[in-house]
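Report on one structure; see the data block that follows.
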Amino acid sequence: AQTVTQSQPEMSVQEAETVTLSCTYDTSESNYYLFWYKQPPSRQMILVIRQEAYKQQNATENRFSVNFQKAAKSFSLKISDSQLGDTAMYFCAFIGNDYKLSFGAGTTVTVRA
Amino acid sequence: EPEVTQTPSHQVTQMGQEVILRCVPISNHLYFYWYRQILGQKVEFLVSFYNNEISEKSEIFDDQFSVERPDGSNFTLKIRSTKLEDSAMYFCASKGGGWSNQPQHFGDGTRLSIL
């Protein structure tokens, strides 16, 4: 079974600053996909960004980017120019050949005005 | 943009009662999922469903749980005899294709409170 670890329970960042969330995972598979989901206080689950393991290029989506290090099994999320609306819980997730998402424990991000 | 919709948004039920959580996946999607998130804990996979049958289920998904796609649009999760520990947020998700890289689209969740 795959495990996903998010070692930072909480992060705080000043508005307009940058914050980086860490995520590591453990798998024996070579082909898999990684995602970051955002869960605001309303508790929806919103896809932020995804990365295919076979792609070396790091995914970018507007102010969100990832640093994918396949050998280290690391998948960090960088939020640039943080906005108040970015305040949420962020989950790292892994999906492999079993087609089911495995989530990390989440990191609560608070953006301060 | 098409959405996954879940009803009700909040369900309060007495322990021992049956509860049905409803989901309408995105219309052309073929793969359906239920996840659970106990307050303060991580999101956990419950079950996946494809071609009118369960593809995979977790150890959480015991005989108290069942899923159904009764009419080609709704996708339901039934808990037959609820327990206090079933209190959680339940998320439905769907995706179009079978490839792993297709993202699962989540509904807004149903908050289930067992009294």
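The values are calculated or read from the model by the stated rules, or taken from the named source; none is laboratory data. Here the structure is a predicted model, which is why all the values come from computation and not from measurement. Note: ideal-geometry Cβ built from the backbone for every residue, glycine included; neighbour counts use all protein chains shown.
Could you say whether any residue in the range A:41-56 is surrounded by 14 or more Cβ atoms within 10 Å (Cβ to Cβ), modelled with pLDDT under 95, of a type in the set (Asp, Glu) and in a loop (DSSP other than H, G, I, E, B)? Looking for residues that are surrounded by 14 or more Cβ atoms within 10 Å (Cβ to Cβ), modelled with pLDDT under 95, of a type in the set (Asp, Glu) and in a loop (DSSP other than H, G, I, E, B), one finds none in the range A:41-56, hence no.
When residues in the range A:67-113 are screened for being within 21 Å of A:Thr18 (Cβ to Cβ) and either within 12 Å of chain B (Cβ to nearest Cβ) or in a strand (DSSP E or B) (or both), 22 of them pass. Being assigned to a strand (DSSP E or B), surrounded by fewer than 19 Cβ atoms within 10 Å (Cβ to Cβ) and either in contact (Cβ under 8 Å) with a residue 60 or more places away in the chain or in contact with a Ser or Thr (Cβ under 7 Å, 6 or more places away or on another chain) (or both) is true of B:Ser55. For B:Phe61, are the conditions met, namely being surrounded by 16 or more Cβ atoms within 10 Å (Cβ to Cβ) and assigned to a strand (DSSP E or B)? No, not satisfied.
Per-residue answers, yes or no, for (1) within 30 Å of A:Ser30 (Cβ to Cβ); (2) under 11 Å from the mean Cα position of the chain (by Cα); (3) away from chain A (no Cβ under 14 Å); (4) loosely packed, with under 12 Cβ neighbours inside 10 Å:
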{"site": "B:Thr13", "(1), (2), (3), (4)": "no, no, yes, no"}
{"site": "B:Gly40", "(1), (2), (3), (4)": "no, no, no, yes"}
{"site": "B:Ser66", "(1), (2), (3), (4)": "no, yes, yes, no"}
{"site": "B:Arg69", "(1), (2), (3), (4)": "no, no, yes, no"}
{"site": "B:Thr82", "(1), (2), (3), (4)": "no, no, yes, no"}
{"site": "B:Lys95", "(1), (2), (3), (4)": "yes, no, no, no"}
{"site": "B:Gln102", "(1), (2), (3), (4)": "yes, no, no, no"}
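Summed over the range A:74-91, the residues that are closer than 25 Å to A:Ser30 by Cα and not polar (S, T, N, Q) give a count of 5.
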